[in-house]
Structure formats: C-alpha cells, structure tokens
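Below is one structure; the comments refer to it alone.
The numbers here are math on the coordinates, done by the rules we state, and not lab data. For clarity, every value in this text was computed on a predicted model and none was experimentally measured. Ideal geometry is used to build each Cβ from the backbone, glycine not excepted, and the neighbour counts take in all protein chains shown.
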Amino acid sequence: MDTELKIQKMREEIAALEKQAAKEAKEKLLALPAAVGLKNVTELVKALLPYAKGLKLSGGAEASAKAARAAKKGKRAKITEEIKKAILEDLKGGATAAAAADKHGVSVASVNLIKSAAGLVKKRKKAKS
C-alpha cells in the first residue's frame, strides 16, 4: 500500500476517533445535571455560579455563566413591597447588591434603585475646586 494512502487512512481514523471522543464527552457532560438532581445544564451552571465568585472564568466557562444569567432574563420581574423589604434586609445584613439581586430574581440596577430610595447610598463628596 502506498505511504500516502496509509497516512490518509490514519488521518481519517484519527478524525473519527476525535469525533467519537467529543460525542462521549458531550454525553457525559449532559448527564451531569441529572446526576446531581438538576433538570438541565443551565440549572447546573446557576447552582455553581456562587462558587465561582472571585475566579477568573475563561472563554467557555464565562460564556456558560453569561448564558445562565441570560436564561434568567425574560419576563420583567414584579417587585412587590415584600421583595423590596427582603432586599433591604439582605443589604442591611451585609449582602452585596449582586447577591441580593440573584437571590430575589431582580437586576442589580433594580436593587441599587431600591437601595437609593431607602437612603442606603452614601452621597458623593463635593470635589475641591
């Protein structure tokens, strides 16, 4: 058999093996949420996000985190007085705006507006002229 043909066959075999390995890895990853009692990958990413605080996420992980946050978006949240009170309690207890937003399903901007309305924001110092 010609050497070039052998090389071509081996390349094809390698490509087939790589495709099979990628398929198996995907199947294992897609089965992971069910193994920990979650419905889908998005829920798994959401569950893991609190443990990723302070870590620098690289390409794929960052994209997954963004996808999880985007999946949370959709209908506009109705912020009731009860939710506002709960957010203010969390903030007074030392929670960050981001943590309170995640916990109550609202945006960080909404939390900051609630915080401002309650007078929990320090006024800026005037610049010296």
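Ordered by the number of other Cβ atoms lying within 10 Å of each residue's own Cβ, fewest first, 106, 41 fall into the sequence 41, 106. Each residue of segment 20-33 was assigned a 3J(HN,Hα) from its phi angle through the Karplus curve 6.51 cos²θ - 1.76 cosθ + 1.60 (θ = phi - 60°); the sequence is 5, 5, 5, 5, 5, 5, 4, 4, 5, 5, 6, 7, 4, x Hz, with glycine and proline shown as x.
Using the per-residue mean of other Cβ atoms lying within 10 Å as a proxy for protection, in what order, highest first, do the peptides 80-89, 116-125 fall? Provide the component values of the computation, followed by the final result.
Numbers: 80-89: 13.6, 116-125: 9.1.
Descending mean neighbour count gives 80-89, 116-125.
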